Amino acid sequence: MNKKINLTNTLSFVMILIMLSGYMLYGRTAAAENRNEQQLQQSFDDLRSLTDAVKTTGANVTEVQFRMKWSDMRFKSMEEAEAFRSQLAKKVGIASWDEASQPSVQIYQGHGKMSVGADVEAYVSLSPSASKNEARMGLSLQIRGKEYQVNSMATMTEDVLRIVGNRTDLPQISSCAKGFFNGKLENDLQKQKIGQVLARFDAKVVEKLEEKMVLSYSAYSPLLSTKITTDHKAMNLQIATHTNTIKHQTTLTLGTPIITTEY
């Protein structure tokens, strides 16, 4: 009789442990998804702030860019990783991949276009793990579009986050907004426009480069959601102006935490 009771108690205890483990796993997964979604929302809020800042200076916004990067996504097998790559291609509109092989690494580059017209580029590096029966992937996803396409860009990246799931840590995210002024602005006027951006973000300059054709300022703003460190100083805002004598334009480019496009 006692043996039956002990066995029943043991089974009940095991079942409780299994249920608790399931709840804990679900809790960790849900928490990770919430962090990803929160980070993504904050990053697109930052991008919208950049476009508003460009317009505040009187420049015409010509392009916005959003980039996400994962360096160590893990899969149970190469087959699972390839299935994920196919799923990603469908989500972002990539019809085919350009492939290149290196020792123990397969490189893929794909180009696509969203239904709203924004351009998508994806870079994938895929390799088997040397120590475990698994595969590892690096992924960089970049979207270029217009200001009116930002909400659609946000929706698509939310879909990408869902298929990435909890395979890796939070992605590295950067965004840029670019505009232009008609004609060549003198350096003093370019500095005035940069000053307007700094004031809008309550930003303090960390370092700057001033040349005849290019002005580039790195700063830190408490109003932006991310930051990096340069020379032991926090920064999360880059502002650059460039004079194009051929097009008779002066471009203004803003990026957080850095500019990831040509200016």
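Only the coordinates and a few stated rules stand behind these numbers; no lab work does. The structure presented is a predicted model; accordingly, all values stated were derived computationally and were not measured. All Cβ positions, even for glycine, are placed from backbone atoms using ideal geometry, and neighbour counts span all protein chains on display.
Numbers for the structure displayed
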read-out	value
Distance violations [Cα-Cα > 23 Å] among Lys69/Lys212; Lys69/Lys193; Lys69/Lys191; Lys178/Lys227	Lys69/Lys212; Lys69/Lys193; Lys69/Lys191
Summed side-chain charge close to Thr62 - residues other than Thr62 whose Cβ falls under 14 Å, Lys, Arg +1, Asp, Glu -1	+1
Gain on full stretching of the segment that runs from Gln172 to Ile258 - 0.36 nm per residue minus C-alpha separation	29.8 nm
Computed E for Ile107/Gln87 - FRET, C-beta separation, R0 25 angstrom, nearest 0.05	0.85
Label point distance in nm, Ser152-Asp98, each placed 7 Å from Cα along Cα→Cβ	2.5 nm
Relative contact order of the range 66-171, defined on C-alpha pairs under 8 angstrom at six or more residues apart (%)	34 percent
For Ala59, distant residues with modelled amide H under 5 Å away	none
Pairwise FRET efficiency - Ile163 versus Asp52, Cβ, R0 = 41 Å, nearest 0.05	0.85
The chain: calculated mean residue ellipticity at 222 nm from DSSP helix runs of at least 4, using -39500 (n - 2.57)	-13500 deg cm²/dmol
Between helix 2-56 and the chain: long-axis angle, C-alpha atoms, 0 to 90°, nearest 10	10 degrees
Relative contact order computed over the range 177-256 (Cα-Cα under 8 Å; 6+ residues apart), in percent	35 percent
Likely footprinting exposure, Glu207, Glu63, fewest C-beta neighbours within 10 Å first	Glu207, Glu63
Inter-probe distance in nm under a simple model that places probes 7 Å from Cα toward Cβ, at Lys184 and Glu134	5.7 nm
Exposure proxy order (Cβ contacts within 10 Å, fewest to most) of Val214, Val92, Val64	Val214, Val92, Val64
Extension gain (nm, one decimal) between Leu209 and Asp119, 0.36 nm per residue minus Cα-Cα	29.3 nm
Convex hull volume per residue for the chain, taking Cα atoms only, in Å³	191 Å³
Among the listed pairs Lys91/Lys247; Lys113/Lys233; Lys184/Lys208, those beyond 27 Å (Cα-Cα)	Lys91/Lys247; Lys113/Lys233
Set of the range 121-152 residues, backbone N closer than 17 Å to the point 7 Å along the Cα-Cβ line of Ile228	139-143
Cα-derived Rg to Rh of the range 66-171, Kirkwood definition	0.98
